[in-house]
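Chemist: Take this structure first; my questions come after.
The values are calculated or read from the model by the stated rules, or taken from the named source; none is laboratory data. Computed from a prediction, not measured in an experiment: that's the story for all the values here. Every residue, glycine as well, gets a Cβ built from its backbone with ideal geometry; the counts of neighbours run over all protein chains shown. SASA here: full protein model, heavy atoms, side chains in, ligands and nucleic acids out. Shrake-Rupley method; radii C 1.70, N 1.55, O 1.52, S 1.80 Å.
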Amino acid sequence: MRYRVLGGTGVEVSAYCLGTMMFGSVGNPDHADAVRIIHSALDRGINFVDTADMYSAGESEEIVGKALRDPRRRDETVLATKVYFPVGGDGPARGGLSRRWIVRAVEASLARLGTDRIDLYQVHRPDHRTDVEETLDALGDLVTQGKIRAFGCSTFPAERIVEAHAVAERRGLRRFRTEQPPYSLLARGVETAVLPLAQRYGMGVLTWAPLASGYLSGAYRKGREVDLSRGRAAITPHRFDPALPENVAKLDAVERLALLAEEIGCSLPELAVAFAAAHPAVTSVILGPRTMEQLDGLLKGAALVLDDDVLDRIDAIVPPGTDLYRADGVWRPASLTEPSLRRRPLGERAASDA
């Protein structure tokens with residue numbers, strides 16, 4: 001396993017990161033099995049584990065805490081988690097990136113993880129309700145207190161990254177050291193601005209969804225019937241319905257990519273993960289297995305090298321900067337989701353009051 005420096009932190013992390021979103025009630029509910037998968041990944045050279053407080057409503061963090069209970073394992077592991085989504089009940093003032101919520105959430109994560117520090121604490125999504133200065137100030141205080149070692153952002157558009165760095169410089173605050181964007185053979189939009197910005201600012205990059213929610217796992221192929229009542233397809237059927245033109249385009253690309261993988265002697269998932277790892281801005285690719293078999297299959301291609309000819313052929317199938325699959329459907333900017341932000345008051349919309 002190769003190791004790369006995570007942004008400007010000086011910390012070396014493995015080129016693969018073990019993502020734990022599928023551990024717990026939403027994926028693999030067997031804690032003992034999930035712990036075995038984590039231990040297997042660590043024993044095979046992965047030293048980077050990523051989770052979040054909202055994964056299975058905190059259950060994923062509890063599982064990771066069990067896996068890292070041995071102090072030696074904990075010391076050798078770079079542990080990352082996230083904050084933003086409301087966890088642990090209903091009511092106002094829950095979630096987001098206010099100082100109040102961050103301070104509350106980090107204590108809960110530390111307790112579930114069974115540790116006294118988090119190596120990388122990430123804000124899971126942007127929060128248009130909270131001034132980024134408040135967020136950076138709160139996170140900086142957590143670094144000073146020793147509760148976190150560094151902090152980063154996840155699924156931030158380029159303009160929000162620029163804003164955060166400008167505020168940090170202007171106010172003398174600590175800055176985001178990492179970004180965690182969706183990136184895959186079918187979701188290349190971040191190549192346009194986010195990845196170049198990360199390089200410019202010296203940020204580490206952890207990419208998620210390298211298999212595009214199963215499209216690059218081989219689970220969805222052209223001509224196969226899709227069960228829209230189960231799994232991810234049941235949650236967002238419009239993203240998997242093979243009758244929709246945008247999904248036809250994804251499946252067409254998958255067929256061509258699968259053929260390319262076969263020609264170079266690897267599986268489609270191996271091609272997908274190797275592609276993400278080949279970008280010079282990417283520090284680590286997050287793998288999100290649910291079973292040991294899935295972990296074994298993904299690690300099998302760890303030594304795969306995609307030469308320029310193969311990457312050129314991929315560019316011909318899905319051009320650089322193209323998004324055939326929007327992996328960040330969990331979050332959209334308020335400027336699109338809140339009509340009041342793009343509509344003047346009714347009485348002010350006309351160009352003339354006559």
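Chemist: Ranked from the most accessible area to the least, with a 1.4 Å probe and all protein chains present, what is the order of Leu259, Leu268?
Modeler: Working: Leu259 95, Leu268 15 Å².
Order by accessible area, largest first: Leu259, Leu268.
Chemist: Which whole DSSP H helices in the chain pass both tests: a Cα extent of 15 Å or more along the axis and a mean Kyte-Doolittle value no lower than -1.0?
Modeler: Details: long enough: 31-43 (18 Å, 0.28); 99-113 (21 Å, 0.18); 132-144 (18 Å, 0.45); 158-171 (20 Å, -0.51); 245-264 (29 Å, 0.21).
The answer, listed by residue number, is 31-43, 99-113, 132-144, 158-171, 245-264.
Chemist: Once a ≥ b ≥ c are taken as the square roots of the eigenvalues of the Cα gyration tensor of segment 209-271, is the result rounded (a/c under 1.5), prolate (a/b larger than b/c) or oblate (a/b not larger than b/c)?
Modeler: Taking the square roots of the gyration eigenvalues as a ≥ b ≥ c, segment 209-271 is prolate.
Chemist: Amide H neighbours of Gly96 under 5 Å, at least 5 residues apart or on other chains, H built in the peptide plane: list them.
Modeler: Those lying under 5 Å, H to H, from Gly96 are Tyr84, Phe85.
Chemist: Using a Förster distance of 35 Å, how high is the FRET efficiency between Leu336 and Ala93, based on the Cβ-Cβ distance and rounded to 0.05? Working shown, then result.
Modeler: Values: r = 25 Å, r/R0 = 0.70.
According to the calculation, E is roughly 0.90.
Chemist: Checking the cross-link filter: which lysines have an alpha carbon closer than 22 Å to that of Lys66, excluding same-chain neighbours under 8 positions apart?
Modeler: Within the straight-line limit of under 22 Å, Lys66 reaches these lysines: Lys82, Lys147.
Chemist: Under a point spin-label approximation (7 Å from Cα along Cα-to-Cβ), what is the Glu262-Glu169 distance to one decimal in nm?
Modeler: Here the answer is 5.1 nm between the modelled labels.
Chemist: How large is the Kirkwood hydrodynamic radius of segment 18-115, counting all unique pairs of alpha carbons, in Å? Numbers along the way, then the final one.
Modeler: On the way: mean 1/r = 0.0732 Å⁻¹.
Its Kirkwood hydrodynamic radius stands at 13.7 Å.
Chemist: Quickly estimate the mean residue ellipticity at 222 nm for the chain, helices only: each DSSP H run with n ≥ 4 gives -39500 (n - 2.57), and the total goes over all residues, rounded to 500.
Modeler: Values: 13 runs with 135 residues, N = 354.
Taken over the chain, the calculation gives -11500 deg cm²/dmol.
Chemist: For segment 7-24, what does the Karplus curve 6.51 cos²θ - 1.76 cosθ + 1.60, with θ = phi - 60°, yield as ³J(HN,Hα) per residue in whole Hz, taken in order and with x for Gly and Pro?
Modeler: x, x, 6, x, 8, 8, 10, 5, 5, 10, 10, 7, x, 10, 4, 8, 9, x
Chemist: Provide the per residue accessible area, probe 1.4 Å, for the chain, rounded to a whole number of square angstrom. Please report the intermediate quantities before stating the final value.
Modeler: Numbers: 16490 Å² over 354 residues.
With all protein chains present, the chain gives 47 Å² per residue.
Chemist: For Lys222, which aspartates and glutamates qualify as cross-link partners when the Cα separation must be under 14 Å and same-chain residues fewer than eight apart are set aside?
Modeler: Asp241, Glu246, Asp252, Glu255
Chemist: Still on this structure, please answer the following. Over the chain, what relative contact order in percent results from Cα pairs under 8 Å that are six or more residues apart? Display every interim value, and only then the final one.
Modeler: On the way: 604 pairs, mean separation 60.7, N = 354.
The normalised contact order for the chain reaches 17 percent.
Chemist: Tell me which of Ser229, Ser267, Ala277 sits at the most positive position along the dipole axis of the chain, charges placed on C-beta atoms (Lys, Arg +1; Asp, Glu -1).
Modeler: Most positive-ward Cα: Ser229.
Chemist: Out of the total accessible area of segment 72-180 (probe 1.4 Å, heavy atoms of protein only), what percent is carbon and sulfur? Working shown, then result.
Modeler: Values: 2080 of 4680 Å².
Looking at segment 72-180 in its full context, I get 45 percent from C and S.
Chemist: If you consider only alpha-carbon coordinates, what radius of gyration and Dmax does segment 133-228 have, in Å?
Modeler: Rg, Dmax (Cα atoms, Å): 17.3, 56.
Chemist: For segment 200-338, what size does the Cα cloud have along each of its three principal axes, sorted from largest down, in whole Å?
Modeler: Taking max minus min along each principal axis of the Cα atoms, segment 200-338 gives 40, 39, 34 Å.
Chemist: Considering only DSSP beta bridges where both residues belong to the chain, give the percentage that are antiparallel (nearest 5).
Modeler: That works out to approximately 15 percent antiparallel.
Chemist: Extension gain Glu76-Asp116, at 0.36 nm per residue separation less the Cα-Cα distance, in nm?
Modeler: Length gained between Glu76 and Asp116: 12.9 nm.
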